Amino acid sequence: MSARLEEHLRHIREQVVPARRATKGRPSPEYVARVEARPQPPLLLRGLEQWNAGHFYAQHETLEWFWRALDEPVRDVVKGVIMAGVGAYHALRHNRRGALAKWTGALGYLEPFAGTRPYGLDVDALRADLSPLYQHLRREPSPDWAEFEARVRALRLVFTRRPAAPRVTDLLRAMDRAWEEGPHALWPVLEALSPLEADHPLWEHVSTSGAHKADVAHRLLGRPALDVPAPATWARLLRWLETAHEHLREGVGFLDEAALDKTTHCAGHATTLWEAVQACVEADVALGGMLRAITFTGDPGGTAPAPAASRGR
């Protein structure tokens, strides 16, 4: 390993992690017992599921919301899991420096909780699986990337499933499948479309979908209002739609079970929160199906090539 990279990793290990870690020394046995007994809140459980499914970009976004809401030492475990996943994301893209940097941080954040199972997560199992990959990449400037990728893809978090809010978790899971992770997800086919003009019929469909999500997130979950953008570019419209989806998803992730069945009003209609979000899920499925129909039957405007792979989120 080059001297510059070694110095960079040493800086992370000896200065960055100790300065930023919430845990100063080993956590007390009483504290460990408390966090080991906790069930998994929806955002934590979904992040762990995404991690194990190889959605290393998506797990980062999901778990970071949960991590930011924590204000206690166990947040270091969540940070370690996030960084381990981001390191895997870099490794799968052959970014050796990025993978080593993130894995150095991950091992440092996890170390104080060695031998524990906060939220049912086996910290030692993650450290044991990650360390050989980390050491191998440190020794090999040009590893056999095909073999190394297979080892990275085989990584799994070991945890006992204990959902704190099963229905909320199920709703998040349904949102993720309809939006990005399922075989008929909306977002990958949207990204694969050639840029559309503002007068194309699909532009209105996408705008309507985003406006409904933004309205539900704002009215029912208290998220910031999002104005529908004036026609500008397809890329800007997609970024806005993505923001509307993330606002809704983040808000859902912090709900408790009782909130799902409360009757409220949205767009002039009485509805429960569960019904309102489920309608957004169904709209994603319907829009994704329509776009795929255009893709495979041919778009008269010549704007819909075959779907490309998702961007790895």
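Of all the listed residues (Arg46, Arg68, Arg38, Arg75), the sole one being of a type outside the set (Phe, Trp, Tyr), surrounded by fewer than 16 Cβ atoms within 10 Å (Cβ to Cβ), within 18 Å of the chain's Cα centre (by Cα) and at pLDDT 95 or above is Arg68.
Within the stretch 156-171, can you find the residues that are within 17 Å of the chain's Cα centre (by Cα) and either within 18 Å of Gly54 (Cβ to Cβ) or of a type in the set (Gly, Ala, Ser) (or both)?
First, the residues of the stretch 156-171 that are within 17 Å of the chain's Cα centre (by Cα): 156-157, 168-171.
Correct list: Arg156, Leu157.
For beta carbons closer than 8 Å, sequence separation of 6+ or different chains, a first residue in the stretch 142-158 that is in contact (Cβ under 8 Å) with a residue 12 or more places away in the chain and a second that is part of a loop (DSSP other than H, G, I, E, B) and not basic (Lys, Arg), the qualifying pairs are Trp145/His94; Arg153/Gly54; Leu157/Asp122; Val158/Asp122.
I'm trying to understand the selection: among the residues of the stretch 159-215, which are hydroxyl-bearing (Ser, Thr, Tyr) and within 22 Å of Val81 (Cβ to Cβ)? Explain how you work it out, then say what you get.
Of all residues in the stretch 159-215, those hydroxyl-bearing (Ser, Thr, Tyr) come to 160, 169, 194, 207-209.
If the condition is that a residue be hydroxyl-bearing (Ser, Thr, Tyr) and within 22 Å of Val81 (Cβ to Cβ), then Thr160, Thr169 are the ones that fit.
Does Trp203 satisfy the condition of being surrounded by fewer than 16 Cβ atoms within 10 Å (Cβ to Cβ), part of a helix (DSSP H, G or I) and not charged (D, E, K, R)? Yes; evaluated as a whole, the condition is true for this residue.
Count of the stretch 207-227 residues, restricted to those that are surrounded by 14 or more Cβ atoms within 10 Å (Cβ to Cβ) and either in contact with a helix residue (DSSP H, G or I) (Cβ under 6 Å, 6 or more places away or on another chain) or outside the structural domain of His265 (by TED's automatic domain parsing) (or both), is 10. Look at (1) free of Cβ contacts under 8 Å to residues at least 24 places away in the same chain; (2) of a type outside the set (A, V, I, L, M); (3) touching a helix residue (DSSP H, G or I) at 6+ places or on another chain (Cβ under 9 Å); (4) assigned to a helix (DSSP H, G or I) and you find that Trp240 fails only one, number (1). Among the residues of the stretch 260-274, the ones that are over 18 Å from Val168 (Cβ atoms), at pLDDT 75 or above and out of contact with any strand residue (DSSP E or B) (no Cβ under 9 Å at 6 or more places or on another chain) come to 1 in all.
The values are calculated or read from the model by the stated rules, or taken from the named source; none is laboratory data. In this text, all values refer to a predicted model and were calculated from it rather than measured experimentally. As a convention, Cβ positions derive from the backbone with ideal geometry for all residues, glycine included, and neighbour counts pool all protein chains shown.
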